[in-house]
């Protein structure tokens, strides 16, 4: 099994014996209330999902990620992990700050402040998303941030409630699970959608040489029009139950926001799955894309810049159903005419589902369609 990114799986979870004392200390500390997306980032840091990060980035790492797609020590890293400070909140290097979740939530963590620095929103947006277009969801979120960032190490006091407790496992746990199953080659699959036949084809193509597939849908903040988390989970439950061999797939949710950063986010997604214990990672067409901001295969080409990533990307071109072939195919495998092919369009599938129509079986399994149509409104508003 691959070693975690940076060589060590980070663990910033406070041991039980220290927890109550630290909670009491938190009562006397300045309190910084975090929005939900940052709560999840702090938990992911503490449990090693973002190894080797031990907290929100200090300025040297942050600027290096923006400018080079690497941490200051040259380790590949493409997405800034930051906490912004509200206007008027006082914090200086050497301070401790109690991080608090939503209204009424108990203390989440202690942040040991090492750095406070200015956020250049234009530089941030252009570096991460490749655009300043105010219609890009990542640019929108950047403009909503405060103009100061804080960096340092965190100690997790209490975790938040899992969205789907049955499917939440941390990297330490998935690594044990993979070893127990005897999986040496594990392929990670990132998704924010309910599965269609193309997704299934990619996963099963990977299974042809791997010991198992790690299906790891992102549940958390997504833009309006994307599928709701509950629908994604229920749809995958149906697909795996009806169409996957026993013990061929591990299904675990990842509580993290979508950034819609295209190529940079594809590399970040690969790093995260490396920390979970994957040896390979599927990168399909327009990975983590939105609108027309990125070339369809830009998220594959960026991996040329990271020969030292430590996880093997698996690239797939567009998948379609060929009537002549009688199944799923790609340009490399199908010699037939365009008129014989049924293309997969997420926009078309969503449009049909919104109207209560059933996509054809060549596009989506009937059991998955049944699940989606059960929901009166399966999309994020």
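Values quoted throughout were computed directly from the atomic coordinates according to the rules given, and no laboratory measurement underlies them. Please read all numbers here as calculations on a predicted model, not as lab measurements. Cβ placement follows ideal geometry from the backbone for every residue including glycine, while neighbour counts extend to all protein chains displayed.
Of note:
- Over 22 Å [Cα-Cα, the stretch 5-156], rounded percent: 40
- Three-way shape call for the stretch 208-333 based on the alpha-carbon gyration tensor, with the a/c threshold at 1.5: rounded
- Packing order of peptides 158-165, 77-84, highest average first: 77-84, 158-165 (average count of other Cβ atoms within 10 Å over each peptide's residues).
- Averaged over residues, the count of other Cβ atoms within 10 Å places the peptides 319-328, 260-269, 89-98 in the sequence 260-269, 319-328, 89-98, highest first.
- Between residue 24 and residue 345, the modelled label-to-label distance comes to 6.5 nm, taking each label 7 Å out from Cα in the direction of the beta carbon.
- Inter-centroid distance (Cα atoms) of the stretch 202-271 relative to the stretch 276-302, Å: 13
- Summarising the strand pairing of the chain, around 55 percent of its internal DSSP beta bridges are antiparallel.
- Applying 1/(1 + (r/R0)^6) with R0 = 22 Å to the Cβ-Cβ distance of residue 117 and residue 315 gives a FRET efficiency near 0.05.
- The Cα-based radius of gyration of the stretch 333-381, divided by its Kirkwood radius, gives an Rg/Rh of 1.07.
- Cα-derived Rg over Rh, computed across the stretch 13-85 with Rh taken as Kirkwood radius: 1.04
- Centre separation in Å (Cα based) which lies between the stretch 181-196 and the stretch 17-53: 29
- Descending semi-axes in whole angstrom, ellipsoid equivalent of the stretch 57-144, from the Cα gyration tensor: 25, 18, 12
- FRET E, pair residue 16, residue 37, Förster distance 22 Å, beta-carbon r, rounded to 0.05: 0.20
- Available extension along the chain between residue 367 and residue 181 is 64.2 nm, counting 0.36 nm per residue and deducting the alpha carbon span.
- Whole-angstrom Cα spans of the stretch 165-374 along principal axes, big to small: 45, 38, 33
- Value of relative contact order over the chain, rounded to a whole percent, pairs C-alpha under 8 Å and six or more apart: 17
- Mean sequence separation of contacting Cα pairs (under 8 Å, at least six apart), scaled by the length of the stretch 190-345, corresponds to a relative contact order of 20 percent.
- Restricting the calculation to Cα atoms, every distinct pair contributes to the Kirkwood radius of the chain, found to be 21.8 Å.
- Cα gyration tensor category, rounded, prolate or oblate, for the stretch 202-279 with a/c compared to 1.5: oblate
- Helix 229-243 and the long axis of the chain differ in direction by around 40°, with both axes built from C-alpha atoms.
- Two-decimal ratio, the stretch 258-312, of alpha-carbon radius of gyration to 2.2 N^0.38 Å: 1.07
- Computed from Cα atoms, the angle from the helix 59-68 axis to the main principal axis of the chain rounds to 30 degrees.
- Theoretical ellipticity at 222 nm over the chain - DSSP helices of four or more residues, -39500 (n - 2.57) apiece, nearest 500: -9500 deg cm²/dmol
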